[in-house]
Amino acid sequence: HIFEEEAAAHHAPRIVPFGLSMLAPVLQKFGSQEQNDYWLPRILSGEDWWCQGYSEPGAGSDLASLKTEAVLNDEGTHYIVNGQKIWTSYADKADWIFCLVRTDNSGTKHEGISFVLFDMKTPGVTVRPIKLISGSSPFCETFFDNVKVLKKNLMGEEGKGWTIAKYLLTHEREMISGFGSASSKSLGVQASELM
């Protein structure tokens, strides 16, 4: 919470470091050495900005019902991702997304989920901002149409993404509570942006 408190004290522009506050701890716990060596320096330097691909239409509070599908190609080199995410904060500004996808439908709904990382400029990714009554919003709809995601960007084991997702959410809650303790007024944070 030190970062948020110092930013508030100096009236700095609001920064939402999803990579730093959410993805980095997940990489350290579940990522390969190669993933850590590549991504952590880029997250720390701010070279890559991240968004979170979790909620979907019909899979918000019941996140494990997600339908965005990732099918491994015959050569086993990459997944083909199709589906939609919603309420994707700052997807229109992000360079990369950490995303929950369904790689298996044969077990329980929690068992077939995987956690993948991919570039938001990949062909087939479409982002549409969601305008709130205020006229602006950090939220977006994000669509995936035959998006190619390298298998090396799978984090952890295939089908074990639910465990990773739960771990990440503990850090998301800490980040949100940090914004509140740092004074949302000083940071220019609207309550609706944190929900």
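The values are calculated or read from the model by the stated rules, or taken from the named source; none is laboratory data. The shown structure was predicted, so the numbers you read here are calculated from the model rather than taken from an experiment. Every residue, glycine as well, gets a Cβ built from its backbone with ideal geometry; the counts of neighbours run over all protein chains shown. Note: areas computed on protein heavy atoms with side chains; ligands, DNA, RNA excluded. Shrake-Rupley method; radii C 1.70, N 1.55, O 1.52, S 1.80 Å.
Restricting to region 83-94, count the residues that are open to solvent by 40 Å² or more (accessible area, probe 1.4 Å) and either hydrophobic (A, V, I, L, M, F, W, C) or farther than 15 Å from P129 by Cβ (or both). The qualifying residues number 1. Residue count for region 99-129 satisfying the condition of being in contact with a helix residue (DSSP H, G or I) (Cβ under 6 Å, 6 or more places away or on another chain) and open to solvent by 60 Å² or more (accessible area, probe 1.4 Å): 2.
In region 74-120, the qualifying residues are those that are assigned to a strand (DSSP E or B) and of a type in the set (F, W, Y), and the one that is nearest to K151 (Cα to Cα) is Y79. Scanning region 135-159 for residues that are over 24 Å from E111 (Cα atoms), out of contact with any Cys (no Cβ under 9 Å at 6 or more places or on another chain) and either open to solvent by less than 30 Å² (accessible area, probe 1.4 Å) or modelled with pLDDT under 95 (or both) turns up G135, S136, S137, P138, F139.
Can you confirm whether I15 is under 23 Å from K151 (Cβ atoms), modelled with pLDDT under 95 and aliphatic (A, V, I, L, M)?
On the way: under 23 Å from K151 (Cβ atoms): no; modelled with pLDDT under 95: yes; aliphatic (A, V, I, L, M): yes.
So I15 fails the test.
Within region 74-98, restricting attention to residues that are touching a helix residue (DSSP H, G or I) at 6+ places or on another chain (Cβ under 9 Å) and of a type in the set (G, A, S), which residue is modelled with the lowest pLDDT? Among those residues, the one meeting the criterion is S89.
A24 falls short on exactly one of the conditions (1) under 24 Å from F139 (Cβ atoms); (2) without any contact (Cβ under 8 Å) to a residue 24 or more places away in the chain; (3) open to solvent by 20 Å² or more (accessible area, probe 1.4 Å), and that condition is (3). Taken as a whole, the structure leaves L132 outside the set of residues that are open to solvent by less than 30 Å² (accessible area, probe 1.4 Å) and either assigned to a loop (DSSP other than H, G, I, E, B) or touching a residue at least 40 places away in the same chain (Cβ under 8 Å) (or both).
The set of residues in region 50-73 being outside any strand (DSSP E or B), at negative phi and at pLDDT below 90 consists of G60, S61, D62, L63, A64. Set side by side, the residues D104, D145 differ, and just one is touching a residue at least 60 places away in the same chain (Cβ under 8 Å) and among the acidic types (D, E), which is D145.
Exactly one residue among G76, G53 is farther than 17 Å from W162 by Cα and open to solvent by less than 50 Å² (accessible area, probe 1.4 Å), and that residue is G76.
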